[in-house]
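J.: Below: one structure in structure tokens.
Nothing in this text is a laboratory measurement; each read-out follows from the coordinates by a stated rule. Just so it is clear, the structure is predicted and the values come from calculations on it, not from any experiment. Here Cβ is always computed from backbone atoms with ideal geometry, including for glycine, and neighbour counts include all displayed protein chains.
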Amino acid sequence: MEIYPNDHYKFEIDNKIQRLIINRVELDDTAIYGCVCRQEKTSGKLTIKELPYEFIRPLDETITIIEKQQLNLECESNKPLKDNLAIWTRDGQVLTHNPVDGILIKTLDKIHSLTIYECKMKDHGQYVCTIKQASTTCQVNMKEAPVEFVRSLENLTVTEGQPLKLSCTLSKENCQVIWLKDDQEINVNDEEENRFIATNDGRVYRLEVKESKMTDAGMYTIKVEDKQQSCQVIITGKTKNLFVFFIFL
């Protein structure tokens, strides 16, 4: 196959010397090259050795991510990866590109990236990006996200003798919560002496009294970690039946 001068190949003549210059040689340039001048010709084999991969911009050594935040890891190699994607592992387990599970692996020219859209506590560990013989490592540490109120307590008015039910929704399950009435902690553990029952169903936390009394009126508060929510409970008296007697003359 005859070659012609272009951006990749350059011809030079220096008196009796003929030169072929190949700009930015690649593995595909491995071949037998020949030079023909009238009836004379000569040839030689050119072998291109692969340049070893290395990371010119490695991963950060350590990253701390708060639970539910997005994790972005990125590194850069000294040359593009043509055949396939870089291999990413977490604590030795290979990670696969799976947008449905929120894991995105990309290789764009020499840039290699791993994204986890919404991190969980289990995502902590040692992450390694490997390209053939080269690798770079990052230790990812996870911090628990602070608990938040998704649905707050609401003010309540009930009639004496009717059930009193308070509830709110937190961002996490199985939180240690404290219930208070008028700034006094409610002892919900003593079932025999206490009429209050505290329960949680997933992220929903409840405080209940089967039969309310007038003394149950007040300000109720739920505390969790460094956050709290309050509501006002009003107890109204029972409606008394009124009997009217008529005297017929």
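J.: Name the long-range amide H neighbours of SER212: under 5 Å, sequence gap of 5 or more, or other chain; modelled H, no Pro or chain starts.
T.: The answer is GLY161, GLN162, LEU164.
J.: For the chain, with a Gaussian network of springs between Cα atoms less than 10 Å apart, report the residue from VAL150, VAL36, VAL224 with the top mean-square fluctuation.
T.: Evaluated over the chain, the most mobile residue of the options is VAL36.
J.: Please report, in debye to the nearest 20, how large the charge dipole of the chain is about its Cα centre when each Lys and Arg carries +1 at its beta carbon and each Asp and Glu carries -1 there.
T.: Here the chain has a charge dipole of around 760 debye.
J.: Quick one: go through the range 191-231 and flag any residue whose amide nitrogen is under 14 Å from the point 7 Å out along the Cα-to-Cβ line of GLN162.
T.: 209-214
J.: By how many nm would the segment from ASP60 to ASP226 lengthen if fully extended, with 0.36 nm per residue of separation less the alpha-carbon distance?
T.: Taking 0.36 nm per residue and subtracting the Cα distance, the gain is 56.5 nm.
J.: What trypsin sites (Lys or Arg not before Pro) in the range 5-98 are in a loop by DSSP, with at most 10 other Cβ atoms within 10 Å of the Cβ?
T.: Answer in residue order: LYS16, ARG24, ARG38, LYS49, LYS82.
J.: Add +1 for every Lys or Arg and -1 for every Asp or Glu among the other residues with Cβ under 10 Å from the Cβ of GLU208, and state the total.
T.: Here the count lands on +4.
J.: What are the semi-axes of the equivalent ellipsoid of the range 55-143, taken as the square roots of 5 times the eigenvalues of the Cα gyration tensor, listed largest first and rounded to whole Å?
T.: So the three semi-axes of the range 55-143 are 21, 14, 11 Å.
J.: The chain: longest stretch without exposed chymotrypsin sites (Phe, Trp or Tyr not before Pro) (DSSP loop, at most 11 other Cβ within 10 Å), sites themselves excluded?
T.: 1-242
J.: Which translational diffusion coefficient, to the nearest whole µm²/s, is obtained for the chain from the Stokes-Einstein equation, given a Kirkwood hydrodynamic radius over C-alpha pairs, 10 °C and 1.306 mPa s?
T.: Using the Kirkwood radius from Cα pairs, D works out to 62 µm²/s.
J.: Nearest 5 is fine: what % of DSSP beta bridges in the chain come out antiparallel, could you say?
T.: 90
J.: How do CYS37, CYS138, CYS231, CYS75 line up, fewest other C-beta atoms within 10 Å first?
T.: CYS37, CYS231, CYS138, CYS75
J.: Hey, another quick one. Provide the net charge surrounding ARG57, with neighbours chosen by a C-beta distance below 11 Å and charges set as Lys +1, Arg +1, Asp -1, Glu -1.
T.: -3
J.: If you stretched the chain out fully between THR199 and LYS213, how much longer would it get, using 0.36 nm times the residue separation minus the C-alpha to C-alpha distance?
T.: 3.0 nm
J.: Same structure, new question: Simple spin-label model, 7 Å along Cα-to-Cβ: THR96 to GLN70 in nm?
T.: Rounded to a tenth, the inter-label distance reads 2.4 nm.
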